[in-house]
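Engineer: Structure in structure tokens, see below.
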Amino acid sequence: MGHGGSHLDPRAQLRAAGLRVTAPRVAVLNAVAAQPHSDVERVAADARREIGSVSTQAVYDVLKACVAAGILRRIEPAGSPARFETRTGDNHHHLVCRGCGAVFDADCVVGRAPCLQPSDTHGFAIDEAEVVFWGSCPQCQAAASEKSSQAHEPEGRP
């Protein structure tokens with residue numbers, strides 16, 4: 001996935017979205033661009049490394065403003081904290097590992113938004129379909145098979 005062009009220049013993105021360019025906003029966008037699918041804590045830690053002190057609340061506010069402006073996308077896999085990414089508007093989906101919580105992008109199978117049509121729209125004008133594929137990542141699969149080869153007794157099921 002190519003990350004070229006002014007597409008990822010946070011200052012240009014903020015200006016294009018009509019948002020003021022501030023150090024916390026630039027730091028947050030840089031953090032999300034560097035580590036897609038980061039949660040708020042991770043983004044805050046990376047932003048602090050870049051600009052020093054910035055409150056977690058300030059990071060929340062920046063994320064919220066950038067999601068509202070369409071610069072960032074927020075995803076919320078069930079049971080895990082909200083995560084953020086710079087890849088917006090292309091109708092892609094996500095793979096989430098039940099073991100470690102790792103998140104990976106999965107391109108839409110059809111490519112045009114929305115790529116899934118419900119059998120009954122209930123009158124909605126649908127503009128997005130969000131799919132989360134759940135499973136085990138290669139590392140968690142390897143760890144599980146290692147564990148099961150070490151276990152001699154069958155697992156007790158209640």
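Engineer: Looking at Ala58, is it part of a helix (DSSP H, G or I), buried (at least 19 other Cβ atoms within 10 Å of the Cβ), over 13 Å from the mean Cα position of the chain (by Cα) and modelled with pLDDT of 95 or more?
Structural biologist: Details: part of a helix (DSSP H, G or I): yes; buried (at least 19 other Cβ atoms within 10 Å of the Cβ): no; over 13 Å from the mean Cα position of the chain (by Cα): yes; modelled with pLDDT of 95 or more: yes.
Here the answer is no, as Ala58 does not meet what is asked.
Engineer: Another question, then. Mind checking whether some residue in the range 32-45 is in a helix (DSSP H, G or I), of a type in the set (A, V, I, L, M), under 18 Å from Glu130 (Cβ atoms) and without any contact (Cβ under 8 Å) to a residue 24 or more places away in the chain?
Structural biologist: no
Engineer: Taking the range 132-158 as the search range and keeping residues that are in a loop (DSSP other than H, G, I, E, B) and modelled with pLDDT under 85, which one is surrounded by the fewest Cβ atoms within 10 Å (Cβ to Cβ)?
Structural biologist: Going through the range 132-158, the residues in a loop (DSSP other than H, G, I, E, B) turn out to be 136-137, 151-158.
Filter once more, keeping what is modelled with pLDDT under 85: 151-158.
On the way: Ala151: 8, His152: 5, Glu153: 5, Pro154: 6, Glu155: 6, Gly156: 5, Arg157: 4, Pro158: 2.
Among residues in the range 132-158 that are in a loop (DSSP other than H, G, I, E, B) and modelled with pLDDT under 85, the one surrounded by the fewest Cβ atoms within 10 Å (Cβ to Cβ) is Pro158.
Engineer: Does Ala65 fit the bill of being of a type outside the set (Phe, Trp, Tyr), part of a helix (DSSP H, G or I) and under 22 Å from Asp107 (Cβ atoms)? Walk me through how you get there before you give the answer.
Structural biologist: On the way: of a type outside the set (Phe, Trp, Tyr): yes; part of a helix (DSSP H, G or I): yes; under 22 Å from Asp107 (Cβ atoms): no.
No: the conditions fail for Ala65.
Engineer: Let me ask you something else. Based on what the data block shows, is Pro24 surrounded by 15 or more Cβ atoms within 10 Å (Cβ to Cβ), in contact (Cβ under 8 Å) with a residue 24 or more places away in the chain and more than 29 Å from Asp127 (Cβ to Cβ)?
Structural biologist: When the stated conditions are applied, Pro24 passes them.
Engineer: Out of all the residues in the range 119-128, is one or more under 22 Å from Leu95 (Cβ atoms), charged (D, E, K, R) and modelled with pLDDT under 90?
Structural biologist: Taking every residue of the range 119-128 in turn, at least one turns out to be under 22 Å from Leu95 (Cβ atoms), charged (D, E, K, R) and modelled with pLDDT under 90.
Engineer: With the requirement that a residue be closer than 21 Å to Glu76 by Cα, of a type in the set (Asp, Glu) and part of a loop (DSSP other than H, G, I, E, B), what does the range 94-131 give you?
Structural biologist: Asp107, Asp127, Glu128, Glu130
Engineer: Cβ-Cβ below 7 Å, separation at least six or inter-chain, first residue in the range 62-83 and without any contact (Cβ under 8 Å) to a residue 12 or more places away in the chain and in the same structural domain as Ala47 (by TED's automatic domain parsing), second surrounded by fewer than 17 Cβ atoms within 10 Å (Cβ to Cβ) and part of a helix (DSSP H, G or I): which pairs?
Structural biologist: Arg74/Val67
Engineer: Scan the range 90-108 for residues that are surrounded by fewer than 16 Cβ atoms within 10 Å (Cβ to Cβ) and more than 13 Å from the chain's Cα centre (by Cα) and jot them down.
Structural biologist: Scanning the range 90-108 gives Asp90, Arg98, Gly99, Cys100, Asp107.
The values are calculated or read from the model by the stated rules, or taken from the named source; none is laboratory data. Note that the structure is predicted; figures quoted are calculated from it, not measured. Methodologically, a virtual Cβ is constructed for each residue, glycine included, from the backbone with ideal geometry; neighbour enumeration extends over all protein chains shown.
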